[in-house]
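> One structure coming up, written as C-alpha cells, with questions to follow.
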Amino acid sequence: MNIALKAKSRLQCKIPVHERAAEQSCLALLQSCNSLPKLAKIHSRILKLGLLNNPLVLTKFTATSSDLNAIDYATSVIFSPESDTLLCDTFLFNTIIRAYARTNNLKTNSIGCYNLMLEYGVSPNKFTYPFVLKACAGIGDLNLGKSVHGAVLKFQFGDDIHVQNTLVHMYGSCEGGVELGRKVFDEMSGRDSVSWSAMIGGYARLGLSTDAIDLFRQMQISGVCPDEITMVTVLSACTDLGALEVGKWVESFIEKQMVNRSVELCNALIDMFAKCGDVDKALKLFRSMNGRTIVSWTSVIAGLAMHGRGLEAVALFEELLEAGVPPDDVAFVGLLSACSHCGSGRVKEAHEFIQKMPIEANPIIWRTLISACCARGELKLAESITKWLIGNEPMHESNYVLLSHIYAKLLRWEKKTKIREVMDKRGMKKIPGSTLIELDNEIYEFVSGDKSHHQSKEIYEMLDEMGRKMKKAGYVPTTSEVLLDINEEDKEDALNKHSEKLAIAFALLKTPPGTPIRIVKNLRVCNACHSATKFISKIYNREIVVRDRHRFHHFKDGSCSCRDFW
C-alpha cells in the first residue's frame, strides 16, 4: 500500500463521530451547490470544520468545482501550503485529471497533474488512463500519446476495453496516428460500439471518409449495434463524400434500429441531406424537429445558399432572428453566400456590411466575399482583401491560391509566379483537383489526367466521343482559366482531362441512359468544365448535379441552376 492510501486508511480509522457528521454535511452541501458564491461559502465551512485534509470532501469539492468550470479554484485549495498533499489519493487525482481533460484550453494541466500523481507515488488505476488519453487527444501530441500508451502497458491496463477505446480515439485525433489507432483496434479481443465509433471517427476527422464508411459496413457484419454517436460520425463521412444514397440508407437504418434521434443526430441528418443534394429533405427534417439549435438553422441556411436558393435562405435567416436565436459567424457566412449565389453584384455594399456586422468577420466570411468579387470582376477589391488576409494568416495556403487566381485573371503572370514561389518556400501545396462519384454504393475518385482506373481506356474513349459531340453542337473551350502561360492547344488538352469530365465520362459508361449523374468536386468548377457540362447535359439528355467547393450546380437541358454565376 502506498503512502497516500496508508494515510487515508489511518484517517478513516481515527475519524471521530462528530467529524463524520461534519463530513456528511459538507458532502450534502457540495451535492446541491450550483454557483461559485455557494462554493466559496462551502470552502469556508470546510476550513472552519477542519476538513481541508479530508480526501472524500476534497474529491467532492473538486468534482463540484469542475461542474462549475472552476477547477483551478479546487487545485488552488488542494495544493495550497496548508494542505497535506500526502493525503491525495488515486480518486482525487483522477477527479482533477478528468476535470482538466474536459476543459477547452487547460488540457495540458491534466497531463501535469498525472505527472504529479506519479511523482507523489500515487498509483494510477484503470480509470486514470481514459482521462489522460482524452487530454492527449485534445492536445493532439502524438509523441505524448505514445508515452502515455507506454505507461498503460507498464501498469498492465492494456487489456481494459475502456483504455483501449480511448487509445484508439487518441491516435485518431493526432496527426500521423490513425494507423497506430487501427493497430490497437485490430488487436482488441472484444469491441463494443464505442470501439467502432472511435475508429470510424478517427478516419472521418482526417477526411478518410471512404475508410470510415467501409469500416461502418464491417461493423454491420460484426453484429455490433451502432449508437447515435456512430451514426453522427458516419453521416459526416457521407456529407464529406457527397454520398447521398449511402446517407439515405443510414437514415433508414436509424429508423429501423430505432436509434435515439438526439439533436446532434438530427443536425447531422439535415447537414448531410443539404450538402448531398437533397435540400428539400433537409428543410423537411428541420421543420419537423424539436429543440433546434443554431447548428440546425445554419445547416439549412447554408444548404439553401449552396443550391442557389438565396431568397429562401435570407427568409430563413430573418425567421431565425424572429425566433430570438442569436446568429453566429456561420449564420452570417450562410447569409453572405446566399446573397452571392443569387447573382447580386453589389460586392462593395457587401464589403461595407461585413465591416459593420455585430460580430467580427472571420476569414471564411472574407474569402466568401473575395469569391464574389472575382465572379463580378471586382479584382482590385479582391486583391486588396486577399493581401490583407495573407497578412493575418501567413501560413494559410488558400489565401495564396486565391491571390494567384486573381493575378492569372489579370494576366499578371510574373506576380502569379512569385506567389507560387512564396508558397514553395513556405512548404505550401495547392490542393490538386479531384472528383468523387457514388455508383452502386461504391465511391470512385478521379484526378486530372487520371489513368489509374481499370476502365481507363473506355473512359478516355468516352471523353473523345463527348468532345466530338460537343464541338458538333457548337462548344468552344474557354481556356482563359488555365492558370499557365502556355499555348491554346495545350490549354484545351489540359481542360479535357479535368477530373469532373473523367467522372462524367465514367458515369455515362456505367449508368442507364436518362438517369441523373451526381458528382462532387473538391475545388471550384472552372468556366470551361461548367460550359462543357451544360452541353453534355443536353447532348446525352442527363441531369447532372455537381457539388463544388462553393455550391451546387444542377445542369439540365443545356442550362445550369446557377445561371452562370458562381
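> Step by step: first the residues of the stretch 329-384, then only those that are in a loop (DSSP other than H, G, I, E, B) and basic (K, R), then the one that is most open to solvent (accessible area, probe 1.4 Å). Which residue is that?
Start the filter on the stretch 329-384 by keeping residues that are in a loop (DSSP other than H, G, I, E, B), which leaves 342-346, 357-362, 376-378.
Subset that is basic (K, R): 346, 376.
Details: R346: 156, R376: 108 Å².
The qualifying residue most open to solvent (accessible area, probe 1.4 Å) is R346.
> Please enumerate the residues belonging to the stretch 197-246 that are part of a helix (DSSP H, G or I), open to solvent by 10 Å² or more (accessible area, probe 1.4 Å), farther than 21 Å from Y444 by Cα and touching a residue at least 24 places away in the same chain (Cβ under 8 Å).
Passing the criteria: S197, A198, S222, E228, I229, V232.
> Turning to a different aspect of this structure: So how many residues does the stretch 386-404 have that are open to solvent by 70 Å² or more (accessible area, probe 1.4 Å) and either touching a residue at least 24 places away in the same chain (Cβ under 8 Å) or not in a helix (DSSP H, G or I) (or both)?
At the first step, the residues of the stretch 386-404 found to be open to solvent by 70 Å² or more (accessible area, probe 1.4 Å) are 387-388, 392, 395.
After this cut, where a residue has to be either touching a residue at least 24 places away in the same chain (Cβ under 8 Å) or not in a helix (DSSP H, G or I) (or both) as well, the list is 392, 395.
Residues in the stretch 386-404 being open to solvent by 70 Å² or more (accessible area, probe 1.4 Å) and either touching a residue at least 24 places away in the same chain (Cβ under 8 Å) or not in a helix (DSSP H, G or I) (or both): 2 in total.
> So, one more: Going through the stretch 420-456 one residue at a time, which ones are open to solvent by 40 Å² or more (accessible area, probe 1.4 Å), closer than 30 Å to Y400 by Cβ and more than 22 Å from the chain's Cα centre (by Cα)?
R420, E421, V422, D424, K425, R426, G427, V447, S448, K451, S452, listed by residue number.
> Mind counting the residues in the stretch 54-103 that are within 17 Å of C33 (Cβ to Cβ) and part of a loop (DSSP other than H, G, I, E, B)?
Residues that pass the stated criteria total 4.
> Would you pick out the residues in the stretch 113-132 that are out of contact with any Phe, Trp or Tyr (no Cβ under 9 Å at 6 or more places or on another chain) and closer than 16 Å to A101 by Cβ?
Going residue by residue through the stretch 113-132, those that are out of contact with any Phe, Trp or Tyr (no Cβ under 9 Å at 6 or more places or on another chain) are 115, 118-119, 121, 130.
Listed by number, the residues that qualify are N115, P130.
> Residue check, I459 against (1) open to solvent by 40 Å² or more (accessible area, probe 1.4 Å); (2) touching a residue at least 24 places away in the same chain (Cβ under 8 Å); (3) over 29 Å from the mean Cα position of the chain (by Cα), all met but one. Which one?
The number of the failed condition is (1).
> State yes or no: is L133 surrounded by 22 or more Cβ atoms within 10 Å (Cβ to Cβ) and touching a residue at least 24 places away in the same chain (Cβ under 8 Å)? If you could, list the steps in order and put the result at the bottom.
On the way: surrounded by 22 or more Cβ atoms within 10 Å (Cβ to Cβ): yes; touching a residue at least 24 places away in the same chain (Cβ under 8 Å): yes.
The answer is yes for L133.
> Same structure, new question: Against the definition (loosely packed, with under 11 Cβ neighbours inside 10 Å and either modelled with pLDDT of 90 or more or at negative phi (or both)), how does C13 come out, yes or no? Walk me through it before giving the result.
Values: loosely packed, with under 11 Cβ neighbours inside 10 Å: yes; either modelled with pLDDT of 90 or more or at negative phi (or both): yes.
Here the answer is yes, as C13 does meet what is asked.
> Take the stretch 307-318 and flag every residue that is open to solvent by 30 Å² or more (accessible area, probe 1.4 Å) and within 23 Å of R518 (Cα to Cα).
So the first thing to find is which residues in the stretch 307-318 are open to solvent by 30 Å² or more (accessible area, probe 1.4 Å), and the list is 309, 311-312, 314-315, 318.
The one that is open to solvent by 30 Å² or more (accessible area, probe 1.4 Å) and within 23 Å of R518 (Cα to Cα): R309.
> Let me ask you something else. Is there any pair linking a residue in the stretch 67-93 that is of a type in the set (S, T, N, Q) to one that is open to solvent by 70 Å² or more (accessible area, probe 1.4 Å) and modelled with pLDDT of 90 or more, with Cβ under 8 Å and at least six apart or on different chains, and which?
T85/Y120
> So, in the stretch 512-532, exactly how many residues are closer than 22 Å to V279 by Cα, free of Cβ contacts under 8 Å to residues at least 60 places away in the same chain and in contact with a Phe, Trp or Tyr (Cβ under 8 Å, 6 or more places away or on another chain)?
Residues meeting the conditions: 2.
> Filter the stretch 183-195 down to the residues that are assigned to a helix (DSSP H, G or I) and open to solvent by 10 Å² or more (accessible area, probe 1.4 Å) and list them by number. Can you show your working first?
Pass one, the stretch 183-195, residues assigned to a helix (DSSP H, G or I): 183-187, 193-195.
Selection gives K183, V184, D186, E187, S193, V194.
> Among the residues of the stretch 424-440, write down those that are farther than 8 Å from N522 by Cβ and either free of Cβ contacts under 8 Å to residues at least 60 places away in the same chain or of a type outside the set (A, V, I, L, M, F, W, C) (or both).
Matches in the stretch 424-440: D424, K425, R426, G427, M428, K429, K430, P432, E438, D440.
> Given the options H162, H149, name the one that is assigned to a helix (DSSP H, G or I), open to solvent by 20 Å² or more (accessible area, probe 1.4 Å) and in contact with a Pro (Cβ under 8 Å, 6 or more places away or on another chain). Working first, answer last.
Values: H149 fails: in contact with a Pro (Cβ under 8 Å, 6 or more places away or on another chain).
Result: H162 is the single residue among H162, H149 that is assigned to a helix (DSSP H, G or I), open to solvent by 20 Å² or more (accessible area, probe 1.4 Å) and in contact with a Pro (Cβ under 8 Å, 6 or more places away or on another chain).
> Given K501, K534, K538, which one is open to solvent by 50 Å² or more (accessible area, probe 1.4 Å) and among the basic types (K, R)?
On the way: K501 fails: open to solvent by 50 Å² or more (accessible area, probe 1.4 Å); K534 fails: open to solvent by 50 Å² or more (accessible area, probe 1.4 Å).
Just one listed residue meets the conditions, K538.
> Let me ask you something else. Look at A243 and say whether it is farther than 15 Å from P226 by Cβ, touching an Asp or Glu at 6+ places or on another chain (Cβ under 7 Å) and not charged (D, E, K, R). Write out each step before concluding.
Values: farther than 15 Å from P226 by Cβ: yes; touching an Asp or Glu at 6+ places or on another chain (Cβ under 7 Å): yes; not charged (D, E, K, R): yes.
Answer is yes for this residue.
> Take V168 and decide whether it is in contact with an Asp or Glu (Cβ under 6 Å, 6 or more places away or on another chain), assigned to a helix (DSSP H, G or I) and surrounded by 16 or more Cβ atoms within 10 Å (Cβ to Cβ).
On the way: in contact with an Asp or Glu (Cβ under 6 Å, 6 or more places away or on another chain): no; assigned to a helix (DSSP H, G or I): yes; surrounded by 16 or more Cβ atoms within 10 Å (Cβ to Cβ): yes.
No.
The values are calculated or read from the model by the stated rules, or taken from the named source; none is laboratory data. Treat the numbers as computed from the prediction; the structure is a model and nothing was measured. Backbone-built Cβ (ideal geometry, glycine too); neighbour counts: all protein chains shown. These accessible areas exclude ligands, DNA and RNA; they are computed on the full protein's heavy atoms, side chains included. Shrake-Rupley method; radii C 1.70, N 1.55, O 1.52, S 1.80 Å.
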